[in-house]
């Protein structure tokens, strides 16, 4: 079973969900806004993708942080602490298959390769 982590109004998440639905792939959706994310889950994602990739530095949430807050994010521990407080700064969506992280963001070719 797939679990999709994200925010429902995010365009990238919408594209990923539409891709999955269009191929009849069942999934469970985890909304960061309604149900946060644990530091333990973040560290699993960091192990798979690298903490630098999990932190969405192109997004509005990151850009709204002060320069001091941004500078304070320099390793897994500080990234996890910031992301628990600011779940919108997580690159989205994160896809887990059978409890293991397999994809982050949305790239159709990567989805086709990993999920088809």
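Step by step: first the residues of segment 1-31, then only those that are part of a loop (DSSP other than H, G, I, E, B), in contact (Cβ under 8 Å) with a residue 60 or more places away in the chain and touching a strand residue (DSSP E or B) at 6+ places or on another chain (Cβ under 7 Å), then the one that is surrounded by the most Cβ atoms within 10 Å (Cβ to Cβ). Which residue is that? It would help to see each step written out before you state the result.
Pass one, segment 1-31, residues part of a loop (DSSP other than H, G, I, E, B): 1, 7-10, 23-26.
From what is left, the residues that are in contact (Cβ under 8 Å) with a residue 60 or more places away in the chain are 1, 7, 10, 23, 25.
Imposing the further condition that a residue be touching a strand residue (DSSP E or B) at 6+ places or on another chain (Cβ under 7 Å) reduces the set to 1, 7, 25.
Values: 1: 10, 7: 17, 25: 15.
Taking the candidates together, the pick is 7.
Just to be sure before I move on: is residue 61 assigned to a helix (DSSP H, G or I) and under 30 Å from residue 26 (Cβ atoms) in the structure I sent? If you could, list the steps in order and put the result at the bottom.
Details: assigned to a helix (DSSP H, G or I): yes; under 30 Å from residue 26 (Cβ atoms): yes.
It is true that residue 61 is assigned to a helix (DSSP H, G or I) and under 30 Å from residue 26 (Cβ atoms).
Would you confirm, using the coordinates I've provided, whether residue 25 is under 23 Å from residue 108 (Cβ atoms) and under 13 Å from the mean Cα position of the chain (by Cα)?
Working: under 23 Å from residue 108 (Cβ atoms): yes; under 13 Å from the mean Cα position of the chain (by Cα): no.
So residue 25 fails the test.
Could you check segment 93-116 and list, in sequence order, the residues that are in a helix (DSSP H, G or I), surrounded by 14 or more Cβ atoms within 10 Å (Cβ to Cβ) and touching a residue at least 12 places away in the same chain (Cβ under 8 Å)?
111, 115
Can you tell me which of (1) over 21 Å from residue 96 (Cα atoms); (2) modelled with pLDDT of 95 or more is the one residue 59 doesn't meet?
(2)
The values are calculated or read from the model by the stated rules, or taken from the named source; none is laboratory data. A quick note: this is a predicted structure, and the numbers were derived from the prediction, not measured. Virtual Cβ from ideal backbone geometry, glycine too; neighbours counted across all protein chains shown.
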